[in-house]
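Derivation of every value follows stated rules applied to the coordinates shown; laboratory data play no part. Keep in mind the model is a prediction, meaning the values are calculated, not measured. Positions of Cβ are generated from backbone atoms using ideal geometry, with glycine treated the same way; all protein chains shown enter the neighbour counts.
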Amino acid sequence: MADSDPANNQPAGYVPPSVWQWDKGNGGQFANINRPISGATSDKDLPVGKHPLQLYSMGTPNGIKVTILLEELLAAGYSGAEYDAWLIKIGDGDQFGSGFVSVNPNSKIPAMLDRSTDPQTRLFESGSILFYLAEKFGAFLPTEHYKRAETMNWLMWQMGSAPFVGGGFGHFYAYAPFKIEYAINRYAMETKRQLHVLDTQLGKTEFVAGDDYTIADMAIYPWYGGIVNNAYSAAEFLSAGDYANIRRWMDQLEARTGVKRGRLVNRAADGLAERHDASDFDRLLAPAAG
Ligand SMILES: N[C@@H](CCC(=O)N[C@@H](CS)C(=O)NCC(=O)O)C(=O)O
């Protein structure tokens, strides 16, 4: 551990104890659902609808990656991608119900069941879900060797990088109970570095992995497009308007029906809490009368 004068620590005088103890009341947003152990805290079955694919999720950046892909598949005519989307309220701890934990032992959305296979297939980790669906339907994942590898490069880049944006920058800038300059500077630097990586790539290619629109775009857009769209109210702080290539790519994606629909799913406040049929979107996406 780097040497430091405890007087400069935050809070002043803090010295990490030899054995860490769980302080339930740390005051940060989400403190009530964070625990140092895994597993179910209540017995609760998951609902099951009529379609083969059952999605248990919430309309966060990790959640909408999957609903964008499902809506893109449906828009492209893959009717087997019909799905029921159930809302898992992570702020209320729904991810710790026994049914959810049996699908995702990591207690995080998104999670999915494919009931068309025997035995049925459980899915967790958004990148794994995107890959599974792209393979199952043979769509949005190129088959040529180089293009497929490049798509997976960028999908894995997103899965490895975005936790620094959400769990790092977003947490310390927006959710921590007080502002820590060191932490905010560290993660703002890394978030801007990642935005620059993406902007540079999109200066060379139409979509992230090349000429084709793929699951890599669907994974990356909710996070980095989210920052440009002012997630954490941080667009100005991060000068997000400077990334013109990201903006150009976002405009292309946001014009797509699949992206428009996917962004609305499992959002109780400003979209569809649940989604069971394409007609569920009608009241939200219908042109305003008059
Ligand atoms: N690496 C996971 C991350 C999933 C994740 O962090 N989900 C968050 C919401 S975006 C969650 O469920 N949080 C609830 C909790 O931490 O208890 C993925 O990509 O699926």
(request) May I ask you to list, by number, the DSSP H helices of the chain whose Cα span along the axis is at least 24 Å and whose average Kyte-Doolittle hydropathy reaches -1.0 or more? (result) 145-163, 181-202
(request) Determine the equivalent ellipsoid of the stretch 244-290 by diagonalising the alpha-carbon gyration tensor, then write out the semi-axes as square roots of 5 times the eigenvalues, largest first, rounded to whole Å. (result) 23, 14, 10
(request) Give me D for the stretch 144-290 in µm² s⁻¹, whole number, from Stokes-Einstein with Rh from the Kirkwood sum over alpha-carbon pairs, 10 °C and 1.306 mPa s. (result) 95 µm²/s
(message) Considering just Cα atoms, how many Å³ per residue does the convex hull of the stretch 156-239 enclose?
(response) 82 Å³
(message) Report the gain in length on full extension from E144 to A244: 0.36 nm times residue separation, minus Cα-Cα distance, nm rounded to one decimal.
(response) 33.1 nm
(message) Can you give the FRET efficiency to the nearest 0.05 for M156 and N229, using r as the Cβ-Cβ distance and R₀ = 30 Å?
(response) 0.80
(request) Work out, step by step, the length gained on full extension between A76 and Q21: first 0.36 nm times the residue separation, then minus their alpha carbon distance; give nm to one decimal. (result) 14.7 nm
(request) State, to one decimal in nm, how far the label point of R35 lies from the label point of A255, with both points 7 Å from Cα in the Cβ direction. (result) 4.8 nm
(request) Could you check the simple spin-label distance between S102 and Y182, using points 7 Å along Cα→Cβ, in nm with one decimal? (result) 4.6 nm
(message) With every atom except the alpha carbons ignored, what do you get for Rg and Dmax of the stretch 1-110, in angstroms?
(response) 20.0, 63
(message) Would you calculate the convex hull of the Cα atoms in the chain and tell me its volume per residue in Å³?
(response) 173 Å³
(message) Once each part is reduced to its C-alpha centroid, what is the distance from the stretch 197-264 to the stretch 98-112 in angstrom?
(response) 28 Å
(message) Given points 7 Å out from each Cα along the Cα-Cβ axis, report the S42 to A286 separation in nanometres with one decimal.
(response) 3.5 nm
